[in-house]
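Asker: Handing you a structure now.
The values are calculated or read from the model by the stated rules, or taken from the named source; none is laboratory data. Small disclaimer: the values here were computed from a predicted structure and weren't measured. As a convention, Cβ positions derive from the backbone with ideal geometry for all residues, glycine included, and neighbour counts pool all protein chains shown.
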Ligand code: SF4
Ligand code: SF4
């Protein structure tokens, strides 16, 4: 199972991304579990909206942070996220 | 942050034990043996106050458990309220009192997930361990949970009498459409401690079970997540109990006692505070009970000078108390503990005397004896 570049990416239905004021961070919530996310992971997951494909995610974030060269970091993170079941690509 | 005097990290996990009532009678139940003595349950308003204050402090994962939480008439109301507060809400149930209407009602109230427990993969053994005829109904309920779009954790507590069904249990989990399977070897607190000789598996059983768990973990990858929770008695090192005392977990018992660990009620001179008299922030930040094992100043040898103390925090303090009489001892499941022999002796004793005693089932009649 590895990332398909031509398929849209969305958060898996069993996971919920949520901003936590008390901890000042985004967390990923799922049955009996909680993952505290660093800022870059949270930024990427926020744009996994079921419409964006890999290239869209890269360009949205490069634009947002006025930078370039994010593709390999983002690809690496999304592969881990897919492996962990946080995101899916099935429609 | 161990050992520092900084403000404690906020609670992230709230376990709301709504009631000790339960229609089942599992002999491994972790509820206190004398649970029948704690009849005064918190009111709906008390629970709402606890939920609100805990959420404000940072709790975000919420488990409704018990006993059987479905016994509480206000469950839907509490789920609804928690959902509004932004909790991720988990219902931990035996499935016994569940029906389709309730599943729908809870969904509409915002319940995020249901964990259902079965006792075995066959009707005969399930109903024997549960002390109540429940197997067929539980399977129907599991299917309804999936039908209504919940993520589902299927939980089976493992012990000598059912661990040989490992393969069938996993096949049943696949058939029922579980998203996660929790195969938890019995931990010896409460009723399980009392029934330890009858529940303790043999090393041989464990080796077989673990191999089956590994095999299914590989073949189910990406479909169903399998958590196999090893029995700490056989591991040589303790578990990092509660992720560190007073760092993450807050349990509220049915009568309002706030516990840093679900077994902490039994620790002597501990004065666990009650939510009837204190706010959650007083309890979490200031109470003696929650501060007792924070950091490592409380440790004795061999933990005090052990390089692994940051990893397991000396293990489970309730287990240390239960097995050695002193909660500040190293958890004796650790093979560095000078008292480790109490654990190896227990394994040996179980192997020789299991057949001699009957299981004591968890019910109010038996509870009143303790
Ligand atoms: S372990 Fe069994 S008896 Fe104890 S609360 Fe759960 S279902 Fe009831
Ligand atoms: S001696 Fe104490 S700290 Fe070291 S591994 Fe054993 S229980 Fe953990």
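Asker: State all residues of region A:36-62 that are out of contact with any helix residue (DSSP H, G or I) (no Cβ under 8 Å at 6 or more places or on another chain) and in contact (Cβ under 8 Å) with a residue 24 or more places away in the chain; if no residue qualifies, say none.
Answerer: Those that are out of contact with any helix residue (DSSP H, G or I) (no Cβ under 8 Å at 6 or more places or on another chain) and in contact (Cβ under 8 Å) with a residue 24 or more places away in the chain: A:42, A:46, A:49, A:50, A:51, A:53, A:55.
Asker: Please tell me if residue A:45 is more than 10 Å from chain B (Cβ to nearest Cβ), under 23 Å from residue B:148 (Cα atoms), at pLDDT 95 or above and surrounded by 14 or more Cβ atoms within 10 Å (Cβ to Cβ).
Answerer: No.
Asker: Still on this structure, I have one more. Quick check on residue B:159: is it within 16 Å of ligand 1 (Cβ to nearest atom) and under 30 Å from residue B:331 (Cβ atoms)? Show your work before the answer.
Answerer: Details: within 16 Å of ligand 1 (Cβ to nearest atom): yes; under 30 Å from residue B:331 (Cβ atoms): yes.
Judged against the criteria, residue B:159 is a match.
Asker: Just need a number here: residues in region B:129-161 that are closer than 19 Å to residue B:25 by Cα, in a helix (DSSP H, G or I) and free of Cβ contacts under 8 Å to residues at least 24 places away in the same chain.
Answerer: Selection size over region B:129-161: 2.
Asker: Of the conditions (1) facing another protein chain (nearest Cβ under 9 Å); (2) in contact (Cβ under 8 Å) with a residue 12 or more places away in the chain, residue A:7 satisfies every one except a single condition; which number is it?
Answerer: (1)
Asker: Going by the structure shown, is residue A:57 surrounded by 14 or more Cβ atoms within 10 Å (Cβ to Cβ) and either at pLDDT below 95 or within 14 Å of chain B (Cβ to nearest Cβ) (or both)?
Answerer: Considered against the rule, which asks whether it is surrounded by 14 or more Cβ atoms within 10 Å (Cβ to Cβ) and either at pLDDT below 95 or within 14 Å of chain B (Cβ to nearest Cβ) (or both), residue A:57 comes out as no.
Asker: Could you check region B:176-225 and list, in sequence order, the residues that are surrounded by 21 or more Cβ atoms within 10 Å (Cβ to Cβ), free of Cβ contacts under 8 Å to residues at least 60 places away in the same chain and not in a helix (DSSP H, G or I)?
Answerer: Selection gives B:178, B:179, B:180, B:181, B:183, B:185, B:201.
Asker: Would you be able to say whether some residue in region B:158-168 is within 14 Å of chain A (Cβ to nearest Cβ), away from ligand 2 (no atom under 16 Å from the Cβ) and in contact with a helix residue (DSSP H, G or I) (Cβ under 6 Å, 6 or more places away or on another chain)?
Answerer: no
Asker: Continuing with the same structure: Looking at the structure I just gave you, is residue A:12 within 10 Å of chain B (Cβ to nearest Cβ) and within 11 Å of the chain's Cα centre (by Cα)?
Answerer: Numbers: within 10 Å of chain B (Cβ to nearest Cβ): yes; within 11 Å of the chain's Cα centre (by Cα): yes.
In short, yes.
Asker: I need the full set of residues from region B:337-347 which are loosely packed, with under 15 Cβ neighbours inside 10 Å and within 11 Å of ligand 2 (Cβ to nearest atom), in order please.
Answerer: B:338 - this is the single residue of region B:337-347 that is loosely packed, with under 15 Cβ neighbours inside 10 Å and within 11 Å of ligand 2 (Cβ to nearest atom).
Asker: Also, quick follow-up: Give region B:242-295 a look and list any residue that's assigned to a loop (DSSP other than H, G, I, E, B), within 18 Å of residue B:49 (Cα to Cα) and without any contact (Cβ under 8 Å) to a residue 40 or more places away in the chain, or say none.
Answerer: The answer is B:273, B:277, B:278.
Asker: Could you say whether any residue in region B:308-328 is touching a helix residue (DSSP H, G or I) at 6+ places or on another chain (Cβ under 6 Å), farther than 18 Å from residue B:242 by Cα and within 16 Å of ligand 1 (Cβ to nearest atom)?
Answerer: Within region B:308-328 (the criterion being touching a helix residue (DSSP H, G or I) at 6+ places or on another chain (Cβ under 6 Å), farther than 18 Å from residue B:242 by Cα and within 16 Å of ligand 1 (Cβ to nearest atom)), the answer is no, since none of the residues qualifies.
Asker: Considering only residues of region B:255-310 that are closer than 20 Å to residue B:339 by Cβ and more than 16 Å from ligand 2 (Cβ to nearest atom), which is nearest to the chain's Cα centre (by Cα)?
Answerer: B:263
Asker: Here are the criteria: (1) assigned to a strand (DSSP E or B); (2) touching a residue at least 24 places away in the same chain (Cβ under 8 Å). Tell me which single one residue A:29 does not satisfy.
Answerer: That leaves (2) as the condition not met.
Asker: Residues of region B:1-36 being away from every other protein chain (no Cβ under 14 Å) and away from ligand 1 (no atom under 16 Å from the Cβ), which ones?
Answerer: B:1, B:2, B:3, B:4, B:5, B:6
Asker: Enumerate the helices (runs of 4 or more DSSP H) found wholly within region B:42-113, keeping only those where 3 or more residues are at the interface with chain A (Cβ under 10 Å from one of its Cβ atoms).
Answerer: Hits in region B:42-113: B:44-57.
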